[in-house]
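Have a look at the structure below before the remarks.
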Amino acid sequence: MSKEAAPSTSKNNCDCGNNCKDVAQQMSLDKRTGRGNTNSGLTHECGVFGCIGVGEWPTTLEISQIICWGLVALQHRGQESAGIVTSEGQCVKSFNIVKGMGMISNIFNDEAIRKLKGSIGIGHTRYSTSAASEEVNCQPFVVHTQHGALAVAHNGELVNCDSLRKMVLERGVGLSTHSDSELITQALCLNPPEGESDGPDWPARIKHLMTLAPLSYSLVVMLKDKIYAVRDTYGNRPLCLGKILPYNEPLDGDCDESREALGWVVSSESCGFLSIGAQYVREVFPGEIIEMSKSGIKTIDIVKNEEIRSLAFCIFEYVYFARADSIFEGQMVFEARMQCGRQLAIEHPVEADIVSSVPESGNAAAHGFSRQCGIRFAEVLCKNRYVGRSFIQPSNRLRQLSVAKKFGALAGSVKGKRVILIDDSIVRGNTIGPIIKLLRNAGAREVHVRIASPPLLYPCYMGINIPTREELIANKMNAEELAKHVGADSLAYLSVEGLLKAVRSDIKTKNGETKAGHCTACLTGVYPGGAGPNVYDW
C-alpha cells in the first residue's frame, strides 16, 4: 500500500470521521506489498479443519479422509496450498504430514491418504495474506518443542504482527518464514507469565497468546492426543463444531447430547458437515478455548476482552466469502443473502422485465430482490467453470474479453428485455463492464445493476484481500458515475444500514453474555478496537 492510500493513524484525522484509533497503526504496511494483484473480485481467506475420534484408539474413523473431504468443502476459502497433519496418539516426537501447493484433489491422492495414519488430525487450505504463496508457508505449521510436536492451522491475520514478531525474536526464537501463522505457532511455545510447575500448560499458553494478539484468528492447535479450537475475542473469523454420528442416524435438527458421538470435528464453516456424516452443533464462542480429546469436548475457558464494546464478526462472510449452505449466528448464509436482496429492492426499486444475477454469489440476493419486487427471476448468464488463469494480457481489449470469456449470455432470455442484474460486490470495477456489454450484445434493451452490499472504501487488515484505497473503484466514482463508466442504465448499492438490517434479521445468538456485532471496517473505516463510537454496534 502506498502512503497516500493508507488510512490515517492520527486520532483526530481518521477517514471515518469518528476519531477512531485505526488498527493499521499497529501494522507494517510493507506486509501487504504484492497483495491485490488479481484483476477483479476479492480473494478468499483460509480454511481450517480438525477431526478426532472418541473412545478407544486406534479409532475406526477414517480421520485423514474425513479431513480431506472437510477441506474440499472449504476449498472456496483458499486454493493456493493445503496440508494435513495427523497423529496416532502415541508418539510425542513426530506427526504424519502431507502438504503441497495447489488444489486439494491434486495433493491428497491415495498414497498421501495412506501415509496420514492417525486417530486425530488437522488440516488447512490456504490463500496467502501476510506471506508469499510458496511451499514453505503451507500450513499446518509443525514445530518440535521440548514437550513434543505441536501443529497449528490459522485463519486470519494478526493486526499486531510486527510487535509480536519482535517479542518472539527477542526471546531467542528463530523464524523461518514471514507468515504470522508460524509466528502464532512459535508464540505458543513460550512459557506463560505465571510459569508452569508440572509440564506445559497449553491452555495457559493459548490464553497468553490471546492477550498478546487481540485479532484476527481462528485456530486449531494439535498435540499428540488433543486438539484445541480457539477463536479470537472479537469473533472476527468463523469457527464451528460438528458431531460425527453413525451413518444411519439423522443429522438434521438440534444436536442431541444424549446421542453418542463417533468423533468430533471443528471447521471454519459448517458446509461440509453433512458430507462427512457430522451434525452441526454450534459455533465456537468468541474468546472460547475448546479442548477436544478421545473423551469428548469441553470448554476450557472463554477469554474476555474488557476493551470490546461490540463483537466484530466479518460481515463479508455473509456477503461473499462463505458457502451459501453454511450456518453463522443461527442462520443459513443463503437466507441472509436473500434478505440482502429483499432490502436492496426496497431501497432501490426499478421497472424491468426480469431480475437476474452474476453467478454464483449473486444468486441468492437476486432471488430475494425478485420476490420483494414481484419481477420474475430468469438466468441470463451461463458460467464457464473451466476458464484458466490469463497470464498475459497484451492489450486492453484482451483484458476486457478475458472477463467476458468466463460467461455466456442466454440470448433468448435477454433479447429485448429490461434486465436488473444483481451482483454481490464491486471491487475494482473491471468485471461488471464486460458483463454488461455481453448482455447488450445478446440484445438486452436496458441493464440496471444493483449491488447487494455497500461500496467498498477501505482496505482490510484481518485476512481478506481487499486492496488499497486507490484501487477501490468506489473511491474514484459515485454510483451514477460508475453506471456511466461500465455502461449500465443505472447502478445502486445496498446501504450499510440495510446490510446490517438484512444480516441481523434472523440471528439466533446462543452466547447470551455478549451482544452480536459485525465488522464493517471495509465499508465504514471503523476498525475493531477503534476508540471512536461505532454507530453500527448493538
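Describe numerically, in nm with one decimal, the distance between label points set 7 Å from Cα along Cα→Cβ at Asn305 and at Met167.
Taking the simple label geometry, Asn305 and Met167 are separated by 1.3 nm.
Take the Cα atoms of region 137-217, build their convex hull, and give its volume per residue in Å³.
In region 137-217, the Cα hull volume divided by residue count equals 91 Å³.
Skipping prolines and chain starts, which residues have an amide H placed within reach, meaning under 5 Å, of the one on Phe407, given they are 5 or more residues away or on another chain?
For Phe407, the qualifying residues are Asn384.
Read phi for every residue in region 295-307 and hand back ³J(HN,Hα) as whole Hz from Karplus 6.51 cos²θ - 1.76 cosθ + 1.60, θ = phi - 60°, with x for Gly and Pro.
Karplus-based 3J(HN,Hα) across region 295-307 equals 8, x, 10, 7, 7, 7, 6, 10, 6, 9, 10, 5, 7 Hz.
Taking a point 7 angstrom from the Cα of Val92 along the C-beta vector, which residues in region 152-190 have backbone N less than 16 Å away?
189-190
Ordered by residue, what ³J(HN,Hα) values in Hz, to whole numbers, does region 136-147 give under the Karplus form 6.51 cos²θ - 1.76 cosθ + 1.60, where θ = phi - 60° and Gly and Pro are x?
Those phi angles translate into 5, 9, 5, 10, x, 7, 10, 10, 10, 9, 5, 9 Hz.
How much of Phe285 can a 1.4 Å solvent probe reach, expressed as accessible area in Å² and rounded to 10?
40
Can you tally the net charge around Ala204? Count Lys and Arg as +1, Asp and Glu as -1, for every other residue whose Cβ sits under 13 Å from the Cβ of Ala204.
Numbers: positive: Arg205, Lys207; negative: Glu194, Glu196, Asp198, Asp201, Glu291, Asp301.
Combined, the nearby Lys, Arg, Asp and Glu give -4.
Taking amide H positions as placed 1.01 Å from N in the peptide plane, with prolines and chain starts having none, which residues 5 or more places from Gln331, or on another chain, fall under 5 Å of its amide H?
For Gln331, the qualifying residues are Lys508.
Could you tally the net charge around Leu251, taking each other residue with its Cβ under 14 Å from the Cβ of Leu251, Lys/Arg +1 and Asp/Glu -1?
Taking every Cβ under 14 Å from that of Leu251, the sum is -3.
Ordering Thr233, Thr211 from largest to smallest accessible area (1.4 angstrom probe), what's the sequence? Write down the numbers at each step before the final one.
Details: Thr233 10, Thr211 100 Å².
I get Thr211, Thr233, largest accessible area first.
In units of 2.2 N^0.38 Å, what is the alpha-carbon radius of gyration of region 148-285? Don't skip to the end; give the middle numbers.
Numbers: Rg = 17.1 Å, N = 138, 2.2 N^0.38 = 14.3 Å.
Against the empirical 2.2 N^0.38 Å value, I get 1.20 for region 148-285.
Give, as a single signed number, the net charge of other residues whose beta carbon lies under 12 Å from the beta carbon of Ile354, with Lys and Arg counted +1 and Asp and Glu -1.
Spelling it out: positives minus negatives among the neighbours equals +1.
Working out 0.36 nm times the residue gap between Glu481 and Asp506, then minus their Cα-Cα distance, what length gain in nm do you get to one decimal?
Extra length available between Glu481 and Asp506 comes to 5.5 nm.
Cross-link list Lys99/Lys207; Lys437/Lys484; Lys405/Lys476; Lys383/Lys476; Lys93/Lys224; Lys166/Lys226: which exceed 18 angstrom alpha carbon to alpha carbon?
The answer is Lys99/Lys207; Lys405/Lys476; Lys383/Lys476; Lys166/Lys226.
For an R0 of 35 angstrom, estimate the FRET efficiency from the Cβ-Cβ distance between Asn191 and Met101 and round to the nearest 0.05.
0.50
What do you get for Rg/Rh over region 51-171 if you use C-alpha atoms and the Kirkwood form of Rh? Could the numbers behind the result be given before it?
Values: Rg = 15.2 Å, Rh = 15.3 Å.
So for region 51-171, dividing Rg by the Kirkwood Rh gives 1.00.
Tell me which residues come under 5 Å, amide H to amide H, from Gly362 once H is placed; ignore anything under 5 positions away on its chain.
Residues meeting the amide H criterion: Asp424.
Rounded to the nearest 0.05, what FRET efficiency do Leu410 and Ala112 give with R0 = 51 Å and r taken as the Cβ-Cβ distance? Could you check?
With R0 = 51 Å, the Cβ-Cβ based efficiency is 0.80.
Pull up the cross-link candidates among the aspartates and glutamates for Lys115, meaning alpha carbon to alpha carbon under 16 Å and not fewer than 8 places away within one chain.
Answer for Lys115, where 16 Å is the Cα cut-off: Glu62, Glu88, listed by chain and number.
Give a residue-ordered list of calculated ³J(HN,Hα) values for region 337-350 (Karplus: 6.51 cos²θ - 1.76 cosθ + 1.60, θ = phi - 60°; whole Hz; x for Gly, Pro).
Each residue of region 337-350 in turn: 5, 4, 5, 4, x, 4, 5, 4, 5, 5, 6, 9, x, 7 Hz.
Taking all protein chains as present, what is the carbon and sulfur share of the accessible area of region 400-486, in % to the nearest whole number, probe 1.4 Å?
Carbon with sulfur: 50 percent of the solvent-accessible area.
Any chance you could check the Cα centroid distance between region 275-299 and region 455-471 for me, in angstrom?
Between the Cα centres of region 275-299 and region 455-471 lies a distance of 32 Å.
State the extension gain, in nm to one decimal, for the chain segment bounded by His147 and Arg282, taking 0.36 nm per residue of separation less the distance between their alpha-carbons.
Numbers: separation 135, 0.36 × 135 = 48.60 nm, distance 3.19 nm.
Length difference between fully extended and current span is 45.4 nm.
For region 231-317, how big is the tail of P(r) above 15 Å, as a whole percent of Cα pairs?
Counting every Cα pair in region 231-317, those more than 15 Å apart make up 61 percent.
The values are calculated or read from the model by the stated rules, or taken from the named source; none is laboratory data. Only a predicted model underlies this, so the values are computations on that prediction, with no experimental measurement involved. Note that we place each Cβ from the backbone using ideal geometry, even for glycine, and neighbour counts take in every protein chain shown. Accessible surface areas use protein heavy atoms only, side chains included; no ligands, DNA or RNA. Shrake-Rupley method; radii C 1.70, N 1.55, O 1.52, S 1.80 Å.
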